[in-house]
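*Asks:* The structure follows.
Rule-based calculations on the coordinates, nothing more; no lab input. In this text, all values refer to a predicted model and were calculated from it rather than measured experimentally. Don't worry about glycine lacking a Cβ; one is built from the backbone with ideal geometry, like all the others, and counts go over all protein chains shown.
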Amino acid sequence: MSTVIRISSDLAQEAKTRSSAEKRSMTSQVEYWARIGKIAEDNPELPFSFIKEILIAQEESKCVKEAYVFG
C-alpha cells in the first residue's frame, strides 16, 4: 500500500540527486534514508557502516534460494 507524504523541496532535490547516483528511484532513496534513520534511532550505538551492512545482509538473504546445510 502506498501513501503520499509531503517533503520539503530541498529534501526532494537531495533525494533526486542521490537517487540518480545510487541508481534508485527518488521514492526508494527516501525510503532508504528512513530505514537508516529508524535503525539509528533504535540503536544509537551502531555506526553508519554497520547499519548499512545490516541492510545489505537483509537484501542478500532475500536472494538465497536454498537453505544452508551445516556440516
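*Asks:* Do we find a residue being surrounded by 10 or more Cβ atoms within 10 Å (Cβ to Cβ) and aromatic (Phe, Trp, Tyr) anywhere in the range 57-68?
*Replies:* No - not one qualifying residue is present in the range 57-68.
*Asks:* Just to be sure I understand the filter: pairs with C-beta atoms under 6 Å, separated by 6 or more residues or on different chains, first member in the range 20-34 and free of Cβ contacts under 8 Å to residues at least 40 places away in the same chain and over 17 Å from Ile51 (Cα atoms), second member of a type in the set (Lys, Arg) and assigned to a helix (DSSP H, G or I). Which pairs pass?
*Replies:* Met26/Lys16
*Asks:* Run Glu31 past the list (1) in contact with a helix residue (DSSP H, G or I) (Cβ under 8 Å, 6 or more places away or on another chain); (2) surrounded by 13 or more Cβ atoms within 10 Å (Cβ to Cβ) and report the number of the one that doesn't hold.
*Replies:* Unmet for Glu31, out of (1) in contact with a helix residue (DSSP H, G or I) (Cβ under 8 Å, 6 or more places away or on another chain); (2) surrounded by 13 or more Cβ atoms within 10 Å (Cβ to Cβ): (1).
Rundown of residues vs (1) of a type in the set (Asp, Glu); (2) in a loop (DSSP other than H, G, I, E, B); (3) over 15 Å from the mean Cα position of the chain (by Cα), yes/no style:
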site	(1), (2), (3)
Ala12	no, no, yes
Ala15	no, no, no
Ala21	no, no, no
Arg24	no, yes, no
Lys38	no, no, no
Phe50	no, no, no
Gln58	no, no, no
Phe70	no, yes, yes
